[in-house]
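What follows is one structure encoded as C-alpha cells, with my remarks underneath.
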Amino acid sequence: MSRSHNRGSASGWKPWAAGIATFVIAWWFFWFLLVPIGDRYLPLMLGYRLTMIVSNPFVMLAIISVCALTCALVAFQCVNRRVNVAFITAVSWLYVIAAVAAIMLKSRGVQAVNFNPGGIVDQLQYSPAVVLFNILVFVPMGLMAYSLHNAGVAYGTAIGAIVTMEVGQYAFHLGVCDIDDVIANLVGFTMGYLAMSLWRRSRSVEREGAWYVIGGASKKGDGKA
C-alpha cells in the first residue's frame, strides 16, 4: 500500500469505537424522531397508505437501522481520516432531499402567514420540539455550505432557499410562511457553518482520487474539499 494511501489514515480502535458509538446514539435518535414524533407528522407527510407501510415494525426497524448505519459510516471514515467522495456526496444530497421533504410536507393543508418574530418565544414555551427541529434540520446544511468557501455565497444561498420554502409552504397550502422558522433555520445553519469553520482551522482536507484525506493543521495553499 502506498504512502499516499496511508497518509492521514488513523489506525487502531478509534474509528471502530466512533462508528459503534455513533450507531447506538443515532439509532435511538432516529427511533425517537420516527416513532414518538413520527406518529404525529408521518400521516401528514406520507399519507395514510404509506404511513401504514412505514409503521410496520420491521420496516421501521430497517429504516432506523439504515439511517443509523449511514451515520456510523460517516463517523468511521471521518475518524479514520479518509472519506469516500461518492459516499459523502450521496449522503449529503439524500439528506438535503429528506430535509426539504420534511419541511415542506409536515403541515399539509395549512395556509397562514406570521411576520411577528416575537412568536418564537411562544413557540419555545408551547412547541419547543418544533423550534428544535427547525434549528437542527439546518445544522448539516451549514456544515455542507462551508464547501462553498465564501460566507456571503453560503448565507445568500441559505436565505434564498429558506425564504423560497416558506413562500412555497404558503402558496401550496403546505404550512405557515413563518418568520420564526426563518430565524430558527438560520440559527441552525450558523451553528453548522461556524462548527465546520472552527474544525477546518485545525484540519486540512485534500482530495486524493476517490477520497477526501483529512490531515493536520490546515495551511494556506492547501487543497480544499
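FYI, it's all coordinate maths here, none of it is from the lab. Fair warning: this is a prediction, and the values are worked out from it, not measured in the lab. A quick note on method: Cβ atoms are made from the backbone with ideal geometry, for glycine too, and the neighbour counts reach across all protein chains shown.
General remarks:
- Label-to-label distance, Met191 versus Val167, with points set 7 angstrom from Cα along the beta-carbon direction: 2.8 nm.
- Under 13 Å from a label point set 7 Å out along the Cα-to-Cβ vector of Asp122, the amide N atoms of segment 157-189 belong to 179-180.
- The loop-placed chymotrypsin sites (Phe, Trp or Tyr not before Pro) in segment 165-202, going by DSSP, that have at most 11 neighbouring Cβ atoms within 10 Å of their Cβ come out as Phe172.
- Taking the DSSP beta bridges with both ends in the chain, the antiparallel portion is around 65 percent.
- Within the chain: Cβ-based charge dipole about Cα centre, in debye rounded to nearest 20 (Lys, Arg +1; Asp, Glu -1): 1040
- Projecting the Cα atoms of Trp199, Thr51, Ala98 onto the charge dipole of the chain, computed from C-beta unit charges around the Cα centre, puts Trp199 farthest toward the positive end.
- Helical segments meeting 18 Å axial Cα length and Kyte-Doolittle 0.5 threshold in the chain (DSSP H): 14-34, 57-80, 85-105, 151-171, 179-201
- Charge dipole (debye, nearest 20) of segment 84-200; +1 at Cβ of Lys and Arg, -1 at Cβ of Asp and Glu: 300
- Correct option for Kirkwood radius over Cα pairs in Å [calculated from the coordinates] among (1) 20.2; (2) 19.4; (3) 17.9: (2)
- Each label was represented as a point 7 Å from its Cα along the Cα-to-Cβ direction; for Val113 and Leu148 these points are 2.6 nm apart.
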